Ligand SMILES: [Zn+2]
C-alpha cells in the first residue's frame, strides 16, 4: 500500500457518490438538501438516516452511525475497508490491482463455495452419477436453461465426493467444513460429505455469490425415508438463513420494473416462475419473514404479493406478515392459490397466465384479513363486531405516522370498507383507530428505550471483551466523555486539536512526529490514531485517514477521526496552529516532569539531593516560560 494505493482510494471515493451508493441499497427520499432513509443499522421504521451529498456523509440520528460511502458499504455488507473499497471500485468500473489486499477469510470461504458449486454442477450435467438427478429434474419439468441459470447441481450418495475432490485439488477440509459442506467423523478419522444423494440448489446473496446450498434428496434414494426431504447449509460466517431470499439476485430488476415482488414457498416454485417468464419471484429459506427481509425488499419494490396455498390455512402466517409489512410501510397483498396447488404444479399444468393473473389480482392483505375476521366472527353479535373492528384497526394502528400517500389512501379505503360492512359511522372507526395508534406509539417508545439500553450494554460488553478501555471514544453518554467535559482539561483537548490538524493536513504529520510521541497521548483511541499515522509515515506511505482505515478495524473510531478531520479542515493557518498545539504539548510535559520532581523532593533523603531536585524544577520552569502559553480552546466545543 503506497502512494498509488492512496491515490486509487481517492479516485474510488470520487467516483462513488454517497447518494448513489446508499441509494443502491436503500430507498432514499429527498428532504431539502439531503436525503432520508430508514436506517439499516438499527431496527426502525422511521427515516432516521440522513444522507448529505455536499459533505458526502451519512448520519443516523437514532443509532449514531456516521461515515462516508466506504464506511456505509463496510457496515452494510459486513466487510472490511479493503473489501468495501474493492466493491465500490468494481461498481465504478475502476480496475484495482490483483489481490488488492482482499484475501481474508470471508473471501476464502466464498471462493470455496464457488469451487464446490462448480463441482456439483459438473456432476449433475456431465457425470453418469448425475443421471438419476437429471431424470428427476426432467420429471419436475425444469428445463436445461433454467437448471443452468440457477446453477443446480448434484451431490452423489457415497459421502466422499467433495472430500475426495477437495483433497486432489488442495482445498482445505477445514475451509469446506467451515462453510458447512463436509463434517469430521466422530472417531476423528477423516471427513464426510454433509450433502448426499441430493439435488443441490445454490443459494446466492443479492450480488449473485453462492453462500449456501439447499439440498433436495432424490425420491428414489436408498436413504430417502430416513433423511429430511430438504437439507439446508448450516449457519456459517457467510450464510444466514434468515437474511436471505432465494432468487433475489435474479428477481430484483424485474421486481423494480414491476413495482412488485412475489414471495412463494419453495425453490422450485421460484425456478418454475422464472422459466415461465415471471421473474419477480423469490422464496424465503423456510424461515418466517422478518424485518431484515423487508429492509431488502423495500429497496426493490413498494408492493409484495405473498403467495400461499389457501387450503393450508396459513392465516397466522398472514397475520404475522401483515404486522411486519405495515410497520415498514410496504404494501402487502395476498394471492391464495386454488385447489391445493403450489405455483410449480400450477405453472407446469396450465402455463403462466393463471399465475400471472393471481399475482395481478392479489387482494390487499388488510382486506383479506377483514374478510377472514367477518367469516369467523359475524355471528357473534356486538362483541363479535368489536372483535372484528379491533382486530383490523390494531394492525392498521401500527403503520408509521410518516407512511406515504399510497398508504394513507389505502387506509381511507379500508376505513370506508369497515364502516360499510359493519354499519358503523366513520368518526367512530377513526376515533378508535387514533386511540389504538396513540397506545401503540407509547409502547413503541418504551420498546425503543429498552432497545437503546440493550445496545449500550452490548457496546460496553464488546469494549471489555476486546480488552480495551471501557470507552475508546470520548463522547456524550459515556462515563469518560462526561469526565472530559466536566474538567474540560487541556489534556484531551490538546490531543484532539493535534489530530484535527494532522488529519486535515497529512503533510504536517512529520513535524508532529518530531515533537510528540504516541505515549504522550492519554486517550487510548487518539493514541491509536497517532501511532498509526506515524507508522504510515515511517513506511513512506501517505499518513492520511483513508490509509488508517486499513489498519484500524474500528468503525466508531474511524467515524470520530472523520469528524476531527472536518473540524481541522475549517481551521485557517494549520501550520501555525500546529506550532501552538505542539508548544502546548511541551508545556504539559514540563508540568508533568515538575510534578514528579516535586513528589521526589517531598521524599528526598538528604539536603544535597533536595537541592539538586530544586535546581531541576527551576530549570524546567524556565523552559516552560520559553514555550509560551497553551493554545486557546477554539475547538473545545466540538
Ligand atoms: Zn440507525
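The values are calculated or read from the model by the stated rules, or taken from the named source; none is laboratory data. Because the structure is predicted, anything quoted here is derived from the model rather than measured. Note: ideal-geometry Cβ built from the backbone for every residue, glycine included; neighbour counts use all protein chains shown.
Candidates are the residues of the range 51-60 that are near the ligand (Cβ under 10 Å from one of its atoms) and out of contact with any helix residue (DSSP H, G or I) (no Cβ under 7 Å at 6 or more places or on another chain); the one that is farthest from residue 449 (Cα to Cα) is 59.
Being under 30 Å from residue 447 (Cβ atoms) and either assigned by TED's automatic domain parsing to the domain that holds residue 446 or in contact with a helix residue (DSSP H, G or I) (Cβ under 7 Å, 6 or more places away or on another chain) (or both) is true of residue 77. Selection of the range 147-200 for residues being in contact (Cβ under 8 Å) with a residue 24 or more places away in the chain and on the phi > 0 side of the Ramachandran plot yields 151, 159, 180, 190, 197.
Checking each residue in the range 34-45 for being more than 10 Å from the ligand (Cβ to nearest atom) and in contact (Cβ under 8 Å) with a residue 60 or more places away in the chain picks out only 45. For the list (1) within 10 Å of the ligand (Cβ to nearest atom); (2) farther than 12 Å from residue 17 by Cα; (3) without any contact (Cβ under 8 Å) to a residue 60 or more places away in the chain; (4) buried (at least 17 other Cβ atoms within 10 Å of the Cβ), I need the number of the one condition that residue 79 fails. Exception for residue 79: condition (1). Of everything listed in (1) at pLDDT below 95; (2) part of a helix (DSSP H, G or I), the single unmet condition for residue 116 is (1).
Count of the range 319-344 residues, restricted to those that are at pLDDT below 85 and farther than 30 Å from residue 37 by Cβ, is 7. Give just the number: which of (1) within 16 Å of the ligand (Cβ to nearest atom); (2) within 26 Å of residue 551 (Cβ to Cβ) does residue 11 not satisfy? It is condition (1) that residue 11 fails. Among the residues examined, residue 347 does not qualify as closer than 28 Å to residue 396 by Cβ and buried (at least 21 other Cβ atoms within 10 Å of the Cβ).
Please name all residue pairs, on different chains or six or more residues apart, with Cβ atoms under 6 Å, provided the first residue is in the range 58-71 and is closer than 20 Å to residue 548 by Cα and the second residue is in a loop (DSSP other than H, G, I, E, B) and within 7 Å of the ligand (Cβ to nearest atom). Pairs that qualify, where the first residue is closer than 20 Å to residue 548 by Cα and the partner is in a loop (DSSP other than H, G, I, E, B) and within 7 Å of the ligand (Cβ to nearest atom), are 65/41. So, residue 87, is that one closer than 25 Å to residue 565 by Cβ, buried (at least 18 other Cβ atoms within 10 Å of the Cβ) and away from the ligand (no atom under 16 Å from the Cβ) or not? So residue 87 fits the description; yes.
Regarding residue 494, is this residue at pLDDT below 95 and within 20 Å of residue 563 (Cα to Cα)? For residue 494, the condition - at pLDDT below 95 and within 20 Å of residue 563 (Cα to Cα) - is met.
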